[in-house]
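S.K.: Please see the structure below; I have some questions.
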Amino acid sequence: MATINLSWTPDNGPTSVSQTVQRKLASDSTWTDLATGLATTANSYSDTTAVENTLYDYRVLNVCSAGGPTASGTVQADKMVCPDITTSITSGEEDVISWTVAATTNDVTITTIVIIDGEGTTVETNEVNSASAQEGTYDTGQDYGSTYTIRTTITDGVFTQVCDKTVTIGSAPECGAPTGLSATPQ
């Protein structure tokens, strides 16, 4: 489940009795009540029953003692969920970042996976356009102590969302000190 947080400015007029929050699938025409009898001063509601990666329309009705309820404008909300991104670093002569982006669900597609260095420069781009799990590696060239971002862009055909995972390359291996130093006077 996903949570969609709604907020609005109520019209607390003299004939206002209560407020009702409604939701419908963007592709439907039938509204469903999510919350009824809200105080006339209520200005927020959290929909904790939204299904991930589903496009919804929301509206708020001002229920009045005189006349029918008056509806707010409609707002759309889509809670796409970022896929899990796992990383590991192979240290040695070359520090290599290995990454895996989990498969997506509910008609969400991974469009690109980009590797960005600590200065914000894109160092690698992978065009994907798939819902399947993706994996790859990036050779940092012993860029010890640097931070990289694995940026995954996903879409459901209506909205696009960017998901970031940051990874830091460890420090350089210890530099050993010479041993066995001796001095011989002459």
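Bear in mind that the values in this text are calculations on the coordinates, not laboratory data. Keep in mind that this is a model prediction, so the values were computed, not measured. In this analysis, Cβ positions are derived from the backbone assuming ideal geometry, glycine residues included, and neighbour counts consider all displayed protein chains.
S.K.: Hey, how much of the P(r) for the chain falls beyond 31 Å, as a percent of Cα pairs?
M.R.: 46 percent
S.K.: Starting from the Cα gyration tensor of the stretch 85-168, multiply each eigenvalue by 5, take the square root, and state the resulting semi-axes largest first in whole Å. Walk me through the numbers on the way to the answer.
M.R.: Working: eigenvalues 126, 32, 17 Å².
So the three semi-axes of the stretch 85-168 are 25, 13, 9 Å.
S.K.: Determine ³J(HN,Hα), in whole Hz, for all residues of the stretch 27-41 in sequence, where each value follows from phi through the Karplus function 6.51 cos²θ - 1.76 cosθ + 1.60 and θ = phi - 60°; x replaces Gly and Pro.
M.R.: 8, 9, 10, 9, 8, 10, 6, 9, 8, 10, x, 5, 4, 5, 9
S.K.: Sticking with the crude label model, points 7 Å out along Cα→Cβ, report the distance from residue 46 to residue 123 in nm, one decimal please.
M.R.: 3.9 nm
S.K.: Right, next: Considering the options 10, 167, 68, tell which one lies farthest towards the positive end of the dipole of the chain, charges being +1 on Lys and Arg and -1 on Asp and Glu at the Cβ, about the Cα centre.
M.R.: Farthest towards the positive end: 68.
S.K.: Please compute the Kirkwood hydrodynamic radius over the stretch 2-78, one decimal place, Å, based on all pairs of different Cα atoms.
M.R.: With all distinct Cα pairs of the stretch 2-78 included, I get 12.8 Å.
S.K.: Still on this structure, I have one more. In terms of modelled amide H atoms, which long-range or inter-chain residues lie less than 5 Å from the amide H of residue 53?
M.R.: Here 79, 80, 81 satisfy the definition.
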